[in-house]
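Trainee: Just dropping this structure here.
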Amino acid sequence: MKSYRFGNPFSTGAVIEKPVKFLQIDELPGFKLTKSSASVILRYRMQKDDIVIGLGEQLGGINKRGRKYITYNTDIPEHTPDKLSLYGSHPFIIIQGRYNEGLFIDYPGEISFDVGFSDKDILEITVGSADFDLYHWQDNRWQDIVTSYLELTGGVYVPPKWAFGYQQCRWSYPEAKSVEEVANKFRQLGIPCDAIYLDIDYMQDYKVFTVNEERFPDFGRFVKELRDKGFHLIPIIDPGVKIESDYPVYEEGKKHKYFCTDEQGEDFQAAVWPGLTHLPDFSNAATRNWWGNLYKKFIELGIEGFWNDMNEPAIFYTNYQQQGVYDKLQAAADNKALDKVDLIGLQWQIRNFHNSREDYQSIYQHPERDKTVCHDQIHNLYGAQMAQSFSESVQQSYPDKRFLIFSRSSYSGSQRFGGIWYGDNKSWWEHLELNIKMLINCNLVGYFYSGADIGGFGDNCQAELLIRWLQLGVFSPLFRNHSAIHTRRQELWEFDKATMNQARKIIRLRYALLPWLYSQFLEFASMNIPLIQSLSWSFSEPRCREIEDQLIYGGSLMIAPVYKPNVSGRMVYLPQDKWLLWWAGSWEDRKMKVLAAGDHFIECPLDRQLIFIKENTLITMQEPEDYVDQRKPDTLFIIGLVSSTAQVKVLVDQGKYPAFAGMAVLDITMVKQEKNYEIEIKTVNRELLQWQQLVFELYNDQGNLTILHRKLI
Ligand code: MIG
């Protein structure tokens, strides 16, 4: 990798240790460079078969060719194919071809990536500034470029284990009673669940870090009562601070100059949920320190998880935009004849007054007292630095504890501070399909802990869609059902009985697999290798480069989700050798079948999902609990198709920070002999492993099952 510096860049913090030496750049091998005072253009001629991957949270496929993308974090409730930006920016791209090339453009403003759209053979990257750092990899294995990028940007956030449980959200559960009802429903119906969310209505007048005391009397006790039942309560945090005298957050922020300003240095005003607010200036270390410590108020009450919303930052309107609308409407009213009015202009004005680029260009940030930078130039850092503020603060105050934290907006590097969710998707089959690609694309830039709103946020979810989405959700590290106000309710019991029973089985399957799913997370995070991968990550057959609707989880599983309505099966491609097909309907029903490589049409009615275990790997399972580590079952099932040798490591962490400290390990290796299996079991910190009984369910390549029992000593 080589590092290049253009001009005098803003320090984004994306890269943890700056390489000592930046090269001055006049040419970049393989690229044509065009520099001006305000932009730099990089052009690259792609070969016909080159594949371009990366860019993290973006629409389009895994192969990014044929489209345009723009990095400019946007609060965007319609993820339709015409959109060029979503909530996060990850300007990291790889060209896989005769030579593999990787680029990370560390610039937190607008960059456009035209990947063979204007000219099908040309990749044209336009950086909207002449000041940025560029990291270039050449001729490495492309997988190594990904790992190198993750190392460069500081590795991967690891959530606490309970954050792998099922989670229920709704906009909103507005008072204690509705949260309690949901919690009780889960336990009565025997549906596992670990977390319930508070959306904006828990606050007093949408004032961040307040709780409405009428709707949530004795909030601290409420949090503890829920914890006793095995639920974490997770409040939403929005950055906009309501302008209201005597509101402490506002008063402190104003007094210490913690807010973003306008050009004249006055605190910038932007309207969001609370009405007019000020936006904290997270580029400033003092602001970050102040803000990060505000979460403590909740942490001291027993809260262990947060979700940061609206941090692109979203702006409903500003006084300036509002005036523009009034003027246009006034002109229309004065005319009293719509044909004399600039209708298109009027519509445009009304449609575009929120999240307006003009507003972002009028906000100023002050990373230091006497330093000013226009927000537009560092726009994509806003949510990342908000996450950084939380992360820095808890590391200081609770140095050995891990929290759940995820954000809507993000930038390269913030994958070490927390996870993300994919924002306001819809209850559309198209968005279930998009979810598969999003998991793969976001894992490529280190957001292992991420996921979509299961069932879809906007629009109304139908029973079949919910079931298929939950089936994919089993393999989504963030496994959260969320839906918007005014949409059909999406809690499982709001559907028919059969749907609810099926949903329960799917969620119990997740909990059965959870120790393995989580252990794989730890292992892959420690290696800086994406946890969720496209098939091409480990299978070099050309076919695999085109498969975008199957995914690999960890070292052993391939998932082929059904993402279309009214179908009873799908095509699946199995690369290289043999696979064990688990036609999974419930965790207890574990009859498996050996399949050979190649194309298969596989039946998959609604009560089944397709899970494939790779030959000579092992997965582990245990009896599902109502919530993570409720009873700690003492039997561990170890399952696989073993034709020569196989190994599995089960990692059990102590929930401490850093994640890998003091870990317990169960390490199983096995060799297939002619008639039997030779099993070797090693442990580290045995006393921290809950299991006493090991049950092996081993298939040979003919599909014959052998069951073996061992005691763990
Ligand atoms: O303007 O807090 O993406 O998850 O439920 C909408 C209300 C604000 C957007 C988030 C969504 C959340 C909603 N928020």
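The values are calculated or read from the model by the stated rules, or taken from the named source; none is laboratory data. Keep in mind that what you see is a predicted model, and the values were worked out from it rather than measured. Heads up, the Cβs are rebuilt from the backbone with ideal geometry, glycines too, and the neighbour counts pull from every protein chain shown.
Trainee: Is it true that some residue in segment 16-27 is closer than 30 Å to Ala314 by Cα and part of a loop (DSSP other than H, G, I, E, B)?
Mentor: Quick first cut of segment 16-27, residues closer than 30 Å to Ala314 by Cα only: 16.
Then drop every residue that is not part of a loop (DSSP other than H, G, I, E, B), which leaves 16.
Scanning segment 16-27, I find at least one residue that is closer than 30 Å to Ala314 by Cα and part of a loop (DSSP other than H, G, I, E, B), so the answer is yes.
Trainee: When you check Ser393 against the structure, is it touching a residue at least 12 places away in the same chain (Cβ under 8 Å), polar (S, T, N, Q) and buried (at least 24 other Cβ atoms within 10 Å of the Cβ), yes or no? Write out each step before concluding.
Mentor: Details: touching a residue at least 12 places away in the same chain (Cβ under 8 Å): yes; polar (S, T, N, Q): yes; buried (at least 24 other Cβ atoms within 10 Å of the Cβ): no.
Against the criterion (touching a residue at least 12 places away in the same chain (Cβ under 8 Å), polar (S, T, N, Q) and buried (at least 24 other Cβ atoms within 10 Å of the Cβ)), Ser393 does not qualify.
So that you can scan it fast, the table gives a plain yes or no per residue for (1) outside the structural domain of Arg187 (by TED's automatic domain parsing); (2) within 15 Å of the ligand (Cβ to nearest atom); (3) crowded, with 24+ Cβ neighbours inside 10 Å:
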residue: Asp453; (1), (2), (3): no, yes, yes
residue: Asp459; (1), (2), (3): no, yes, no
residue: Leu465; (1), (2), (3): no, no, no
residue: Gln471; (1), (2), (3): no, no, yes
residue: Thr487; (1), (2), (3): no, yes, no
residue: Thr499; (1), (2), (3): no, no, no
residue: Arg510; (1), (2), (3): no, no, no
residue: Ser526; (1), (2), (3): yes, no, no
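Trainee: Considering only segment 185-211, state which residues are part of a helix (DSSP H, G or I), among the hydrophobic types (A, V, I, L, M, F, W, C) and either surrounded by fewer than 20 Cβ atoms within 10 Å (Cβ to Cβ) or within 10 Å of the ligand (Cβ to nearest atom) (or both). Steps first, answer last, please.
Mentor: So in segment 185-211, the residues part of a helix (DSSP H, G or I) come out as 185-189, 200-202.
With the extra rule that they be among the hydrophobic types (A, V, I, L, M, F, W, C), the set shrinks to 186, 189, 200.
Answer for segment 185-211, where residues must be part of a helix (DSSP H, G or I), among the hydrophobic types (A, V, I, L, M, F, W, C) and either surrounded by fewer than 20 Cβ atoms within 10 Å (Cβ to Cβ) or within 10 Å of the ligand (Cβ to nearest atom) (or both): Leu189, Ile200.
Trainee: Another question, then. So if I check each of Asn63, Asn100, which one is in contact with a strand residue (DSSP E or B) (Cβ under 6 Å, 6 or more places away or on another chain), farther than 26 Å from Tyr360 by Cα, more than 16 Å from the ligand (Cβ to nearest atom) and among the polar types (S, T, N, Q)?
Mentor: Numbers: Asn100 fails: in contact with a strand residue (DSSP E or B) (Cβ under 6 Å, 6 or more places away or on another chain).
Answer to the check: Asn63.
Trainee: Related question: With the condition kept exactly as written, say whether any residue in segment 430-443 is outside any helix (DSSP H, G or I), over 10 Å from the mean Cα position of the chain (by Cα) and either away from the ligand (no atom under 15 Å from the Cβ) or not aliphatic (A, V, I, L, M) (or both).
Mentor: Quick first cut of segment 430-443, residues outside any helix (DSSP H, G or I) only: none.
The answer is no; no qualifying residue exists.
Trainee: Out of curiosity, is Ser148 assigned by TED's automatic domain parsing to the domain that holds Ser89, assigned to a helix (DSSP H, G or I) and polar (S, T, N, Q)? Before you say what the answer is, go through the steps one by one.
Mentor: Numbers: assigned by TED's automatic domain parsing to the domain that holds Ser89: yes; assigned to a helix (DSSP H, G or I): yes; polar (S, T, N, Q): yes.
Criteria met by Ser148.
Trainee: With respect to Glu244, is the statement that it is among the acidic types (Asp, Glu) and surrounded by 15 or more Cβ atoms within 10 Å (Cβ to Cβ) true?
Mentor: Numbers: among the acidic types (Asp, Glu): yes; surrounded by 15 or more Cβ atoms within 10 Å (Cβ to Cβ): yes.
Yes.
Trainee: If Pro159 satisfies all but one of (1) assigned to a loop (DSSP other than H, G, I, E, B); (2) within 24 Å of Phe524 (Cα to Cα); (3) more than 18 Å from the chain's Cα centre (by Cα), what's the number of the condition it fails?
Mentor: For Pro159, the exception is condition (3).
Trainee: Of all residues in segment 276-319, count the ones that are among the polar types (S, T, N, Q), more than 16 Å from the ligand (Cβ to nearest atom) and in contact (Cβ under 8 Å) with a residue 60 or more places away in the chain.
Mentor: Selection size over segment 276-319: 5.
Trainee: Here's another thing I want to ask about it. Identify the single condition in (1) touching a Gly at 6+ places or on another chain (Cβ under 8 Å); (2) buried (at least 21 other Cβ atoms within 10 Å of the Cβ) that Gly253 does not satisfy, given that it satisfies every other one.
Mentor: (1)
Trainee: Among the residues that make up segment 358-376, is at least one of them under 30 Å from Asp194 (Cα atoms), touching a His at 6+ places or on another chain (Cβ under 9 Å) and among the aliphatic types (A, V, I, L, M)? Lay out the reasoning, then the answer.
Mentor: We begin by selecting, within segment 358-376, every residue under 30 Å from Asp194 (Cα atoms); these are none.
No, that holds for no residue.
Trainee: How many residues, within segment 93-116, are in contact with an Asp or Glu (Cβ under 7 Å, 6 or more places away or on another chain) and of a type outside the set (Val, Ile, Thr)?
Mentor: Residues flagged as in contact with an Asp or Glu (Cβ under 7 Å, 6 or more places away or on another chain) and of a type outside the set (Val, Ile, Thr) within segment 93-116 amount to 7.
Trainee: Are there helices (runs of 4 or more DSSP H) fully within segment 244-323 with at least 3 residues that are within 30 Å of the chain's Cα centre (by Cα)? List them. I'd like the intermediate steps shown before the answer.
Mentor: Values: elements: 248-255, 285-294, 296-299.
Hits in segment 244-323: 285-294, 296-299.
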